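No value in this document is a laboratory result; all are computed from the given coordinates. Given the structure is predicted, the values throughout are model-derived calculations rather than measurements. Note that each Cβ is placed from the backbone with ideal geometry, even for glycine, and that neighbours are counted across all protein chains shown.
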Amino acid sequence: MYANVIVDSPGLRKAFTYGVPPELGNAVRAGVCVAIPFAGREHIGYVLSLTENAPTDITEVKDILSVIPNACSLTPSLLNIISWMADHYIAPLQQAMRAVVPEAMSGAITTTIRLIDASKASFLSQKQLKIVAMLESMGGEAEYEILKAKVRLDGFATSLRQLRDRGAIEILRTLDLPKAKPRIVRAVKSAREANPDVLQRAPKQAEILRELAEAGGIVRQAELINRVKSTTSPINSLVKKGLVEKVDICIRRKPFEAVRGSRKPDLTLTADQQAALEVIVSGLESSSPQTTLLYGVTASGKTEIYLQSIQKALGQGKTAIVLMPEIALTAHLLEVYRARFGEEVAILHSHLSVGERYDEWRRIESGEAKVVLGARSAIFAPVSNLGLIVVDEEHEPSYKQEREPRYNARTIAEELAREASASVVLGSATPAVETFYRAKSGEIGLAVLANRVDERPLPKVEIVDQRVEFAHGRLQIFSNRLREAIESRLGKREQIILFVNRRGYASFILCRSCGYTPSCPNCAVSFTYHIGPRILRCHHCNACQPAPTICPNCGGPHIRQFGIGTERVEEEARRIFTNASVIRMDRDTTSSKGVHFRLLDAFSKGEADILVGTQMVAKGLDFPNVTLVGVVSADTALHLPDFRSAERTFQLLTQVSGRAGRGEVPGEVIIQSFSPEHYAIRAASAQDYIRFYEQEIENRRELSYPPFSRLINVISTDPIEEAAENRIRRFMDEIASELPSGMVDILGPAPAPLAKLKGQYRWHMVIRYRGEVAMQEIINSVCNRLPDMVANNIILDVDPITML
């Protein structure tokens, strides 16, 4: 028997074949973690598949060393996804495996040598006897490296194998997971029934017995001591009497333990919601996978449809995964899902501690948790019998991973559903153009929610032309119209969201005497000014430096801040609206664990009047008392050199507008823009997705952009710009000869729009292709024949979300 193994070593694009020794025959199967010899040392790997046939191109096949008992196993679906992801995204197989196996479940191998039977050491060599003697002196067990250092023998590994073959020792391999072990705590357990009343002279002991009885017979010792306001002394006395015993128990670390979510029943659906649910349920009841776009205006009740769809899947004995675009939404939505499904909900995202992620993974793997809620990486949760995947806000670019493998969780969801014959629901008020095109053409299903729940009106939207404001000398952050609206809503004790999609205080600083602007030395962007610490910071590489008060270039005093960020909007709101409580929510204020939840919880309880934020406040939040949304600047992303800039602007404006008027009071939105005539802003102000889509799809058709083509962005990076350019040109020359004529275009090469990033110059070219072109196979072939120094410095972004 042979095993094809994905070896955990960087950059490997294929699996390697190993023999399965007879003693491991029953333990080695597809998906298990194994220890294998590779490049002169032990590595971990995952068994991709088993085969009876030896490879014909290898003269010597090494054996698997052992199965790692404490590592996670991968389901057949996840193994297939790893292979598919490596092929589709032209990524190393090892990187695809790393995307699936969480950090909390991986680590370095620890090899332990354990003495089993010293009597079997007779007739051994002096070297072997020395190893046995050393093991005896060390208590019968030692780590491999420590034992090797103590005995100092040539041929140490050979002697160990001989001892193992004789049955004198065993060699144990485990993953060293110091940060992700089960959490073991001391508990107190009832040993036998006892009447507390007989302990009248020992009231604390009697109280302890009553507490144990009420709790079902076992309580954590620290918690028990806190409850009875005592010490360990009465517990120890009860142990001596044989009435209780101390035991070690494994407890679960609970992310967002403060989020309770008391059980709530299903809500009554509107006619539109019922019709949409029936479309999804028909897919769940089908034996073949089905993808449905749930297109509904903001506040139309998409979440309730998700919940009832999941309930149907659970009723069929299946499981569900729910993806959300922002970690910031996790706690907010966790409360909603726990209210419906209780402790069957698990949560997975990168902001969990390693221990929390370990516990949640194990709960999912064991089947204890049947609903998985999380951000992008939650798509790789080890669920069994998958029935439904929900991708909420499916249009969001955050579903695309920015490092290798550059996968899109939305695409992975559909592939995973094909593997499991499951259903996928893609939900959005502003679907990606490609997704809506697929739904209109009949490739996927379409369910529409045209109205808000309870027939609540969409918010009234007004556009303020900032060009007119500036022409009249009104240079404030808040136009007169927005300022008046904020004052009016505050007077009614209603809440306001102010949206600006740029953090920091100012976009850049500039000397009005000589035109000097401080720029990041590592990236081709200007520094952003942060007023609190008075620093300039790069939001790409995080480089920072003190903000100058005089121009470093000409020495002049006229260096000022330009542009608007969340810090400045917060400051201005506090200055003008002195009686209002203002909180800010952006990456700077939410870097600490749990801050997302605390800020949103405070706002939902009415402890703040104004919430200033970036795109993390633009979607998924439901605050009934928010009646006004102010978009401070609508043009931030509109003129970026990216064919999706209009789409992104429309989506952001529509989504943030949808936060207003979700309660009894109608909502109002004021959009400040220097480009009020642009079709994306006009359509967003009318909350008219179809109007935007019809204009955008014609633009895409004319320029042959997705969905009328597929794109691969090829980026060459190097600390030396000439080297980056030469590499991309060589790549282009290699691939051009293999491309079918008439079906593929190469745009470029040219400097990337973001020409320098983190010290690396960037050149790129875009491969645009149509029809059935096996582009991934062609590129893989080119990469395999190029020298490593060329291939390893080429970034391949299949189906890119951004062209920057």
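To test your reading of the geometry: what angle, between 0 and 90 degrees and rounded to tens, separates the Cα axis of helix 354-366 from the longest principal axis of the chain?
Its long axis makes an angle of about 80 degrees.
Run down the aspartates and glutamates and flag those whose C-alpha is under 13 Å from the C-alpha of Lys605, throwing out any fewer than 8 positions away in its chain.
Glu494, Asp622
Multiply the residue separation of Asn26 and Asp57 by 0.36 nm, subtract the distance between their alpha-carbon atoms, and state the gained length in nm to one decimal. Mind dumping the intermediate values first?
Working: separation 31, 0.36 × 31 = 11.16 nm, distance 2.67 nm.
Answer, rounded to one decimal: 8.5 nm.
Every cysteine in the chain with no other Cys Cβ under 4.7 Å from its Cβ, please list them in numeric order.
Cys33, Cys72, Cys250, Cys541, Cys544, Cys783
Determine the dipole magnitude for the chain: charges of +1 sit on the beta-carbon of Lys and Arg, -1 on that of Asp and Glu, nothing else is charged, the reference point is the Cα centre, and the result goes in debye to the nearest 20. Provide the component values of the computation, followed by the final result.
Details: 98 positive and 94 negative charges, 532 e Å.
That gives a dipole near 2560 debye.
Given a cut-off of under 8 Å on Cα pairs at least six residues apart, what relative contact order in percent is computed for segment 638-699? Before the final figure, lay out each step's value.
On the way: 40 pairs, mean separation 19.2, N = 62.
Once normalised by length, the contact order is 31 percent.
Kindly flag which residue pairs out of Lys189/Lys370; Lys302/Lys492; Lys148/Lys189; Lys14/Lys312; Lys204/Lys370; Lys440/Lys492 have an alpha-carbon separation exceeding 32 Å in this structure. Mind showing how you got there, number by number?
Numbers: Lys189/Lys370 30 Å; Lys302/Lys492 29 Å; Lys148/Lys189 43 Å; Lys14/Lys312 40 Å; Lys204/Lys370 42 Å; Lys440/Lys492 44 Å.
Checking Cα-Cα distances, Lys148/Lys189; Lys14/Lys312; Lys204/Lys370; Lys440/Lys492 exceed 32 Å.
Run the quick spin-label model on Arg481 and Ile116: label points 7 Å from Cα toward the beta carbon, then report their separation in nm to one decimal.
About 8.2 nm, to one decimal.
Could you state the number of Å between the C-alpha centres of segment 605-672 and segment 54-97?
Centre-to-centre (Cα) distance: 44 Å.
Within 14 Å, Cβ to Cβ, of Leu238, how many net charges do the neighbouring residues add up to if Lys/Arg are +1 and Asp/Glu are -1? Intermediate results must be reported in sequence, preceding the final value.
Values: positive: Lys189, Arg192, Arg201, Lys204, Arg210, Lys240, Lys241, Lys246; negative: Glu193, Glu207, Glu211, Glu245.
It works out to a net charge of +4.
Can you give the extra length, in nm with one decimal, that the chain gains between Ala222 and Arg785 once fully stretched, where that is 0.36 nm per residue apart less the Cα-Cα distance? Please report the intermediate quantities before stating the final value.
Numbers: separation 563, 0.36 × 563 = 202.68 nm, distance 6.27 nm.
Result: 196.4 nm gained on full extension.
Can you tell me which of 272-280, 688-696 comes out highest on packing, and rank the rest after it, using the mean Cβ neighbours within 10 Å?
Numbers: 272-280: 18.8, 688-696: 17.2.
Ranked by mean Cβ neighbours within 10 Å, highest first: 272-280, 688-696.
Considering only the other residues whose Cβ falls under 15 Å of the Cβ of Ile444, what net charge follows from Lys and Arg at +1 and Asp and Glu at -1?
-1
When N counts the residues of segment 472-567, how does its alpha-carbon radius of gyration compare numerically with 2.2 N^0.38 Å, as a ratio? Intermediate values should be presented prior to the final figure.
On the way: Rg = 16.5 Å, N = 96, 2.2 N^0.38 = 12.5 Å.
Computed over Cα atoms of segment 472-567, the ratio equals 1.33.
If you look at just the Cα atoms of segment 648-726, how large are its Rg and its Dmax in Å?
Every Cα atom of segment 648-726 included, Rg and Dmax give 19.0, 62 Å.
Helix 302-315 sits at what angle to the longest principal axis of the chain, using alpha carbons and giving 0 to 90 degrees rounded to 10?
It works out to around 30 degrees.
Quick check on packing: order 218-230, 358-370 by the mean number of other C-beta atoms within 10 Å, highest mean leading.
Descending mean neighbour count gives 358-370, 218-230.
Return the Rg/Rh value of the chain, two decimal places, where both radii are evaluated on C-alpha atoms and Rh is the Kirkwood radius. Kindly include the intermediate steps, with their values, before the conclusion.
Working: Rg = 30.8 Å, Rh = 30.4 Å.
Ratio of gyration radius to Kirkwood radius: 1.01.
Of the listed peptides 233-239, 134-140, what is their order by residue-averaged count of other C-beta atoms within 10 Å, with the highest listed first?
Values: 233-239: 17.0, 134-140: 14.1.
Final packing ranking: 233-239, 134-140.
Residues with beta-carbon under 13 Å from that of Val773, excluding Val773: net charge, scoring Lys, Arg +1 and Asp, Glu -1? Mind dumping the intermediate values first?
Values: positive: Arg710, Arg768, Arg770; negative: Glu738, Asp745, Glu772, Glu777.
Local charge sum for Val773: -1.
What's the angle, to the nearest 10 degrees (0 to 90), between helix 645-657's Cα axis and the longest principal axis of the chain?
90 degrees
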